[in-house]
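Here's a structure for you.
The values are calculated or read from the model by the stated rules, or taken from the named source; none is laboratory data. Just so it is clear, the structure is predicted and the values come from calculations on it, not from any experiment. Here the Cβ positions follow ideal geometry from the backbone for every residue, glycine too, while neighbour counts run over all protein chains shown. Each accessible area value is taken on the protein alone, full model and side chains, heavy atoms only, with ligands, DNA and RNA left out. Shrake-Rupley method; radii C 1.70, N 1.55, O 1.52, S 1.80 Å.
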4 protein chains.
Amino acid sequence: MTTLKIGIAGLGRLGFIHASHIASKISDAELTAVCDIHEDRLAKAKQHFDPEYTYTSFPRLLENKELDAVALVTPSALHCGQIEQSLEAGFHVFCEKPLGVNLEECMMAKKAVDDHPDLIFMLGFMRRYDESYRYVKRKIDDGEIGKPVLFRGYTVDPVSAIDSVLSYIPQSAGQFMDMAVHDIDLARWYLKSEPATIYAIGGCYAYPQFKEYDDGDNVSALMQFENESMAFILAGRTAPHGYQVETEIIGTRSMLRIASVPQKNLVEILDESGVRKECSNSFEERFDGAFIHEMQEFVDCILENRKPEVRVDDGVESTRIAELATKCFKSNELIKIKR
Amino acid sequence: MTTLKIGIAGLGRLGFIHASHIASKISDAELTAVCDIHEDRLAKAKQHFDPEYTYTSFPRLLENKELDAVALVTPSALHCGQIEQSLEAGFHVFCEKPLGVNLEECMMAKKAVDDHPDLIFMLGFMRRYDESYRYVKRKIDDGEIGKPVLFRGYTVDPVSAIDSVLSYIPQSAGQFMDMAVHDIDLARWYLKSEPATIYAIGGCYAYPQFKEYDDGDNVSALMQFENESMAFILAGRTAPHGYQVETEIIGTRSMLRIASVPQKNLVEILDESGVRKECSNSFEERFDGAFIHEMQEFVDCILENRKPEVRVDDGVESTRIAELATKCFKSNELIKIKR
Amino acid sequence: MTTLKIGIAGLGRLGFIHASHIASKISDAELTAVCDIHEDRLAKAKQHFDPEYTYTSFPRLLENKELDAVALVTPSALHCGQIEQSLEAGFHVFCEKPLGVNLEECMMAKKAVDDHPDLIFMLGFMRRYDESYRYVKRKIDDGEIGKPVLFRGYTVDPVSAIDSVLSYIPQSAGQFMDMAVHDIDLARWYLKSEPATIYAIGGCYAYPQFKEYDDGDNVSALMQFENESMAFILAGRTAPHGYQVETEIIGTRSMLRIASVPQKNLVEILDESGVRKECSNSFEERFDGAFIHEMQEFVDCILENRKPEVRVDDGVESTRIAELATKCFKSNELIKIKR
Amino acid sequence: MTTLKIGIAGLGRLGFIHASHIASKISDAELTAVCDIHEDRLAKAKQHFDPEYTYTSFPRLLENKELDAVALVTPSALHCGQIEQSLEAGFHVFCEKPLGVNLEECMMAKKAVDDHPDLIFMLGFMRRYDESYRYVKRKIDDGEIGKPVLFRGYTVDPVSAIDSVLSYIPQSAGQFMDMAVHDIDLARWYLKSEPATIYAIGGCYAYPQFKEYDDGDNVSALMQFENESMAFILAGRTAPHGYQVETEIIGTRSMLRIASVPQKNLVEILDESGVRKECSNSFEERFDGAFIHEMQEFVDCILENRKPEVRVDDGVESTRIAELATKCFKSNELIKIKR
């Protein structure tokens, strides 16, 4: 059996999680190299995972020919360039979402991927690897919902995390790109079609700080897809109860809901507040299993030489739609998409 | 159409509710007379319902020959004697649960009922008239649960009501008689059998005051019925979240649960405590509809000259079992019931 | 105490329910007259409620000067004219929703109401009288949700009722007017603002029959209100599981959901299909209590000479919005509302 | 870093799961040897995990001095003897529950464990390593439930698995030993006390085949613990809906429930059967994560030279109680436990 040697670039909150999974939860892979411009993160990774190589320079990572693949968990604005460089250097590439921060650079990344058909490229839309999301996908594909009528997707961060969100505003590409891109990808995956019209609204209901950047603390969009199905998405930053990622697909034969209660675990508490379930408070808590399945799939695809389900085109299209939703939100005009 | 003239005796918390129902929610009946030894309660009833007659003496109420029926909502220890007197005076009788506070007086009440086959007697086990309990009964009778395996019944008062409960201890016949008698009746109704063995335990977990009267603040009993099915019941006074009346019937083909969450209404709240439902806080809130259906059934039985489902024997048997459970709790010995 | 004499016009499905409530569930009111062009309905009402007067002609009903008030449960297209005539004849008026089928006639009805300030007029948006909806309204008014961010309202009829819906298409004013008008009213009530923009879409996902009338079997709309809050509403005819009326209000401090599971009762079933709750199948089943509270409020408002919460303006505005949503759905163009 | 070499004995359904975890999900451990008397199981394990050594003889496994620890997933009747032999051979031991099939042999196993204080012994009560069970334990230890009043534990296998259960009856030690021993352990863990009285009942409600072995297809027991708290447990084989492991702990300050709906995943389905969640169908599905955490804890305890929470005494006591419950069930007499 072969063991895949992976180098990871970016050791922030999510990068560290990916690193720890590669180091001990993924079969047939090992964490051979880590790269980050912050020395303290490198030191922490060194201590926890004991990788063979550490780098503060991404180009130096790419010079390591022992590696088979790289995982990019760097800031979004760096993704597209690093994808090109990594493929050029001959590595299989896993890249965190979003693919890029605008459609133009995404098209360049897509060209790079298309130019290297022998290399595996996978984009980190991890929800597609969550057990419940996959279960629903199978039911849709088996025809159990009938014809799809409406997709509804909520992604709302816990308000308890607002401080770090506010400090990130200047670098943010906006709620549609940062948050809703997941729901856009899910809508396309479940509805098997592309949006034809978009109307997007929102506002600053609790945090006027977003206004300066022409963004809102809660935004929503209604889209009609080419196959006539509808999608409503909400992205926000002010959930009082926890990390609310809820998805609903209404069909003519059944409705399916995923995590309509964002339960932390299987415990129900009966106390003076009533009967309650505590909630997940972060993406790590909710999607830990999905991140593992996703990375395992990346490794398996390389070893079995097959393409992952999430392709570069999914990154291109979801970025395109997020970009249009952002434009719509800013202009308050309906957008009809031409293809 | 005839309108039934009803006199009510006892205008405490529940008596007042019954009076208000008869006065305005029950078809073909009117609240003609009210009786209570407390003048203030009479005055309040007079003001709200404007009945034709008011009495401070129960015997005087029985002398009113305009009346068709009496409703007894007096202290439990008075029930059996008043049933006899009311029937003797020629009235149909509705009596609140429990039938009596010991088996001996219940047998006398039973004799009185049996001696007046032309008069309607009904006992107030109101849960049997709750929409959800009736729905489950129909499913059981239709064979949907298969063979019954286990009945589980919880009746736990909200701890917020503990002060009035503590002040009532000296008059109380104990938790099994005061609280669990409802679950005993339900178990007999759903399982269609009678207990063969009883083991009962409990304790004072929060309120040592009960110990003085050889009672507990939470007690439970496990029974095996003659048809082999099992019943587990819990009665208590310390629910932190509200009025917890929860019932489960496990069968070989399905399990049914009634009010496993004692929800106050259809509202779900997502806030910093998680996702929660607020709870009912009293029997009035939970069983308001059942009290109305029950009294309507009493009236309809009289007008249509048919016997109610809840008969005097249900009162006798549930009292017998509650008495044995109490004895078992006090002695810590298994009781095998001989018939 | 006074007893209000009410005449009802229209004895269809809902008219019969209102009649039965007035006849036996509403304090201080009696069902004095009934009116319907169908003799068989009159006969049925006669048998059940024994009203003093029966009419096949609405003008004849209005000639009965014993009456205090009329309840209009006639076809929607007749509402506005009958409101005018009834007020003109000196009666208090209860009118089922919608106020009218277009804005123009609603404005005339409004004028009639405004011209008779001494007469009580009430519109039958019964959800406002449902216990759970009122509970949420109080929480909103008490500031418990913080600033409102998004209102979401679903109204989807059970597909089991599709045949009668299909036969009604030719008379229908469309899904937005027939179904969504309830959610439009609720959104205005909860958000305390009026819509500034509307985008509406939909389609025929299961029943192409709607297409002929330029309608859909499921339609939705996204609105931004003048106070910046958002509203998303869905109206449909193809719910596989029952009568789905679900409402959510997201605020900056808490989220509230009403009937996110349209449970039939408090019974939970564990069988080979999993753990499930059966669902309500009709508005009668879900809103029986609300219809009673609503009619009681109408009677109390007359007796206490005060105005009901639901006024003619609520009918005007909800009709205006439903009309715009319909126009938007048909034109596929964003509508910006000028006031 | 050290890597622990583990040999596993017993490659049945659960043994294979443990083997796969050790092979790829447990940090700092490797599956060095596998042992089973069935050649086909060995072949399958060889193919999947490629262990260095395979054995059909347990004594031969124990001769392999490369190993650090053994995991016993053999038939219950072999546990105690193999524990002794393994410790004698100098290995750390993980043993699946139950410790043994009677108290006598458990006492011998306990002696062996006590005689080897330097070797780690851990018993596989995996529920103690489930995330939700641990969460509840922390809440109890933090005093959040107040004083414990009642523990309720249900363990009911899906009826879909009845054929394999029936074929296993001749080797079974009865429902209390096979199934309820988990709940007995949990009750002791959560209540922090030992039972003082036991009353146990049950019957053959669907499968008379159990009667021949003096067992039932559903059995229950009510216990009072020395600290006065109560415990009610139910063990059965006929759950129509799935693998029902449900636990409740009622305290004077709050009630906690674990998995009161044995949900398969986070998907809710709204279809003609109502609103439902599908259920877990096996212990593997429900407790996969717990088995991993448990084995990781065994490995960590060895590497860090500390004792696991689940000790041999827990096996002894739970076996003692299961044995008494079985005796009580067979004799229909209350048992008062003397210590």
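Got the relative contact order for the range A:11-71 handy, in percent, Cα pairs under 8 Å and 6 or more residues apart?
31
Which residue fluctuates most in the GNM of chain A (Cα springs below 10 Å): A:GLY315, A:GLY251, A:GLY274?
A:GLY274
Computed on protein heavy atoms with a 1.4 Å probe, what is the summed buried accessible area for the chain pair C and B, in Å² to the nearest 100?
For chain C against chain B, roughly 2500 Å² becomes buried.
Divide the volume of the convex hull of the Cα atoms of the range A:255-339 by its number of residues and quote the answer in cubic angstrom per residue.
Hull volume over Cα atoms, normalised by residue count, gives 215 Å³.
Assuming a viscosity of 1.002 mPa s and a temperature of 20 °C, what translational diffusion coefficient in µm² per second does Stokes-Einstein assign to the range B:1-78, Rh being the Kirkwood radius over Cα pairs?
Result for D is 176 µm²/s.
Now, a different point. Give me the accessible area per residue for the protein assembly as shown, probe 1.4 Å, as a whole number in Å².
With the other protein chains kept in place, the protein assembly as shown gives 35 Å² per residue.
Excluding same-chain residues fewer than 8 positions from C:LYS44, which lysines have a Cα within less than 25 Å of its Cα?
Answer for C:LYS44, where 25 Å is the Cα cut-off: B:LYS25, C:LYS5, C:LYS25, C:LYS65, C:LYS97, listed by chain and number.
Considering the rotation that carries chain C onto chain D, locate the chain C residue whose Cβ comes closest to its axis and report the distance in whole Å.
C:ARG276, 2
Below 17 Å, Cα to Cα, which lysines can B:LYS192 reach? Residues fewer than 8 away in the same chain don't count.
B:LYS137, B:LYS139, B:LYS147
What is the Cα centroid distance between the range D:292-311 and the range B:130-167, reported in whole angstrom?
With the range D:292-311 and the range B:130-167 each reduced to a Cα centre, they are spaced 44 Å.
Just in the range C:48-137: which trypsin sites (Lys or Arg not before Pro) are loop by DSSP and have at most 10 other Cβ atoms within 10 Å?
C:LYS65
Identify the GluC sites (Glu not before Pro) of the range C:29-121 meeting these criteria: DSSP loop state and at most 12 other C-beta atoms within 10 Å of the C-beta.
Counting only loop positions with at most 12 other Cβ atoms within 10 Å, the GluC sites (Glu not before Pro) in the range C:29-121 are C:GLU63, C:GLU66.
Can you list, shortest first in nanometers, how far D:ASP28 lies from the same residue in the other copies, with each label 7 Å from Cα toward Cβ?
Those label-point separations list as 2.8, 7.7, 7.9 nm.
Something else: Considering the convex hull of the alpha carbon atoms of the range C:80-205, report its projected area averaged over all viewing directions, in nm², one decimal.
Orientation-averaged projected area of the Cα hull: 10.4 nm².
Report A:HIS116's accessible area, 1.4 Å probe, all protein chains in place, as a number in Å² to the nearest 10.
Answer for A:HIS116: close to 40 Å² accessible.
For the range B:145-191, just say rounded, prolate or oblate: build the C-alpha gyration tensor, square-root its eigenvalues into a ≥ b ≥ c, call rounded for a/c under 1.5, and beyond that prolate if a/b exceeds b/c, oblate if not.
Taking the square roots of the gyration eigenvalues as a ≥ b ≥ c, the range B:145-191 is prolate.
Within 10 Å of each Cβ in C:241-251, how many Cβ atoms from other chains are there, averaged over the peptide?
Mean number of neighbouring Cβ atoms from other chains: 4.
Given +1 on the Cβ of Lys and Arg, -1 on the Cβ of Asp and Glu, and no further charges, what dipole in debye does the range A:144-206 carry about its Cα centre, rounded to the nearest 20?
Computed charge dipole of the range A:144-206: roughly 280 debye.
I want to check a number: in the range B:202-339, how many lysine pairs have alpha carbons closer than 28 Å, given a sequence separation of 8 or more or different chains?
Final tally of qualifying lysine pairs is 7.
Nearest 500 deg cm²/dmol is fine: what mean residue ellipticity at 222 nm does chain B get from its DSSP H runs of n ≥ 4 alone, each adding -39,500 (n - 2.57), divided by its residue count?
The per-residue figure over chain B is -11500 deg cm²/dmol.
Roughly how many debye, to the nearest 20, is the charge dipole of chain D about its Cα centre, given +1 on each Lys and Arg Cβ, -1 on each Asp and Glu Cβ, and no other charges?
In total the dipole reaches around 800 debye.
Also, I was wondering about something else. Measuring label to label, 7 Å along Cα→Cβ, what does C:ASP118 give against each other copy in nm, shortest first?
5.7, 9.6, 10.6
Can you give the accessible area of D:VAL312 in Å² (nearest 10), computed on protein heavy atoms with a 1.4 Å probe?
Rounded to the nearest 10, that gives 10 Å².
If you don't mind, another one. In terms of modelled amide H atoms, which long-range or inter-chain residues lie less than 5 Å from the amide H of A:SER282?
Those lying under 5 Å, H to H, from A:SER282 are A:TYR243.
Distances from B:GLU284 to the same position in the other copies: list them in nm, one decimal, shortest first, using label points 7 Å from Cα along Cα→Cβ.
Nearest first, the other copies' label points are 3.2, 5.1, 5.6 nm away.
Right, next: Kindly write out, for the range C:251-262 in residue order, the coupling ³J(HN,Hα) from the Karplus curve 6.51 cos²θ - 1.76 cosθ + 1.60 (θ = phi - 60°), rounded to whole Hz, with x marking Gly and Pro.
x, 6, 10, 7, 10, 10, 10, 10, 6, 5, 10, x
Same structure again: Step through the residues of the range B:63-74 one at a time and calculate ³J(HN,Hα) from phi using the Karplus curve (6.51 cos²θ - 1.76 cosθ + 1.60, θ = phi - 60°), rounding each to whole Hz and writing x for Gly and Pro.
With coefficients 6.51, -1.76 and 1.60, one gets 7, 6, 7, 6, 6, 9, 8, 10, 10, 9, 10, 8 Hz.
Let me ask something additional. Amide H neighbours of D:ALA239 under 5 Å, at least 5 residues apart or on other chains, H built in the peptide plane: list them.
Residues meeting the criterion, in which the H sits 1.01 Å from N, are D:ASP157, D:VAL159.
Still on this structure: For all pairs of alpha-carbon atoms in the range B:1-43, what percent lies in each bin of width 10 Å, listed from the first bin to the last filled one?
All Cα pairs, binned at 10 Å, distribute as 31, 52, 15, 1 percent.
Run through the range C:230-291 and list the GluC sites (Glu not before Pro) located in a DSSP loop whose Cβ has at most 12 other Cβ atoms within 10 Å.
Here no GluC sites (Glu not before Pro) fit, given the DSSP loop and packing criteria.
Where the accessible area of the range D:241-312 is counted over protein heavy atoms with a 1.4 Å probe, how much of it, in %, is carbon and sulfur?
44
With a 1.4 Å probe and all protein chains kept in place, how much accessible area does A:SER167 have, in Å² rounded to the nearest 10?
80
List the residues of the range B:192-229 for which accessible area in the full set of protein chains is at least 40 Å² lower than for the chain on its own; 1.4 Å probe, protein heavy atoms only.
B:TYR199, B:ILE201, B:TYR205, B:LEU222, B:GLN224, B:GLU228
Right, another one. What Rg and what Dmax come out for the protein assembly as shown when only alpha-carbon atoms are used, in angstroms?
When restricted to the Cα atoms of the protein assembly as shown, Rg and Dmax are 34.7, 107 Å.
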